[in-house]
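See below for the structure under consideration.
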Amino acid sequence: MREPTFFILAALQDEPLHGYAIVKRAEELSAGRVRLMAGTLYAALDRLTNEEMVRVAEESVVNGRARRTYELTDRGVSALREEAERMAAAAQVVRGRSVRSVATARTVLA
């Protein structure tokens with residue numbers, strides 16, 4: 001799973017959000033690493049909707065513009081948790097090693 005997708009799903013884990021709120025929450029959760037543009041966000045939301053990981057929770061018109069609020073599905077919750085577990089296991093490979101063994105590995109690979 002790509003990082004933007006992970007943070008889109010993570011943004012929705014607490015409550016349904018509309019597009020702009022997803023952008024802001026994903027940026028906040030990623031400490032600024034993920035900055036979604038509208039085109040990227042809505043393409044990802046369309047894909048995630050087709051994959052049944054998110055669904056439209058509500059549609060309304062605000063100031064003459066359509067606004068959709070998205071929420072995670074059970075499948076989206078599972079995918080988010082599985083990816084978080086995968087990332088934690090991958091991080092443990094590094095965290096479980098001493099700084100010295102990482103430096104040694106760099107020397108061997110160089």
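The values are calculated or read from the model by the stated rules, or taken from the named source; none is laboratory data. Please read all numbers here as calculations on a predicted model, not as lab measurements. Cβ: placed from backbone, ideal geometry, glycine included. Neighbour counts: every protein chain shown.
Summary table below
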{"quantity": "ASP14 being loosely packed, with under 11 Cβ neighbours inside 10 Å, without any contact (Cβ under 8 Å) to a residue 60 or more places away in the chain and under 18 Å from MET1 (Cβ atoms)", "calculated": "no"}
{"quantity": "Helices (runs of 4 or more DSSP H) (entirely within segment 1-74) containing at least 3 residues that are of a type in the set (S, T, N, Q)", "calculated": "38-50"}
{"quantity": "Test result for ARG75, touching an Asp or Glu at 6+ places or on another chain (Cβ under 6 Å), surrounded by fewer than 17 Cβ atoms within 10 Å (Cβ to Cβ) and free of Cβ contacts under 8 Å to residues at least 24 places away in the same chain", "calculated": "no"}
{"quantity": "Residue that is farthest from TYR20 (Cα to Cα) [pool: residues in segment 41-72 that are of a type in the set (Gly, Ala, Ser) and without any contact (Cβ under 8 Å) to a residue 40 or more places away in the chain]", "calculated": "GLY64"}
{"quantity": "Filter pass, ARG25 being surrounded by 15 or more Cβ atoms within 10 Å (Cβ to Cβ), under 22 Å from ALA88 (Cβ atoms) and among the basic types (Lys, Arg)", "calculated": "yes"}
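Each row is one residue, and each column tells you yes or no for (1) modelled with pLDDT under 90; (2) exposed (fewer than 12 other Cβ atoms within 10 Å of the Cβ).
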{"position": "LEU45", "(1), (2)": "no, no"}
{"position": "GLU52", "(1), (2)": "no, no"}
{"position": "ARG67", "(1), (2)": "yes, no"}
{"position": "GLU71", "(1), (2)": "no, no"}
{"position": "GLN92", "(1), (2)": "yes, yes"}
{"position": "ALA110", "(1), (2)": "yes, yes"}
